[in-house]
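Contents: one structure, followed by commentary.
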């Protein structure tokens, strides 16, 4: 399932984390993440990077997919405070936010 901004495909390999176990496990203990892959968490307004093995980027979005906050280069063992109004969190390889010029106010779609 791809992630798009308008007609542009940003990530072609999306993993939806929409159960307790999938949200709990997320990217923990994974050795790396491919440049075209992303993990989408529902009901998520904050995250942590405990047990992570790599640095990553994360976007927080409302229910409609509007970007509310962008966090680049999140290192292991960090906590990102709750983002008001966030429902979705998209985690992706480090540098994705800059490479795709992602910023608050833009809308992403998937599915």
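Could you give the length gained on full extension between residue 103 and residue 75, defined as 0.36 nm per residue of separation minus the Cα-Cα distance, in nm?
Gain on stretching residue 103 to residue 75: 8.1 nm.
Put a dot 7 Å past the Cα of residue 1, heading toward its Cβ, do the same for residue 19, and the two dots end up 1.4 nm apart.
Please report the relative contact order for segment 3-110, taking Cα pairs under 8 Å with a sequence separation of at least 6, and give it as a percent rounded to a whole number.
Values: 245 pairs, mean separation 32.9, N = 108.
Once normalised by length, the contact order is 30 percent.
Considering only beta bridges that DSSP places wholly inside the chain, some 80 percent are antiparallel. Using the average count of surrounding beta-carbon atoms within 10 Å as a protection proxy, the listed peptides 68-77, 82-91 rank, highest first, as 82-91, 68-77.
When 47, 67, 80 are arranged by Cβ crowding within 10 Å, least crowded first, meaning fewest neighbours, the order is 80, 67, 47. The helix-only estimate of mean residue ellipticity at 222 nm for the chain, built from DSSP H runs of length n ≥ 4 each weighted as -39500 (n - 2.57), is -1500 deg cm²/dmol after division by the residue total. Here the contact order of segment 58-100, divided by its residue count and restricted to Cα pairs under 8 Å and six or more residues apart, works out to 48 percent.
Any read-out appearing in this document is the output of simple, stated calculations on the displayed coordinates, not a laboratory observation. Just so it is clear, the model here is predicted, and its values are computed rather than measured. We place every Cβ from the backbone using ideal geometry, glycine too, and count neighbours over all the protein chains shown.
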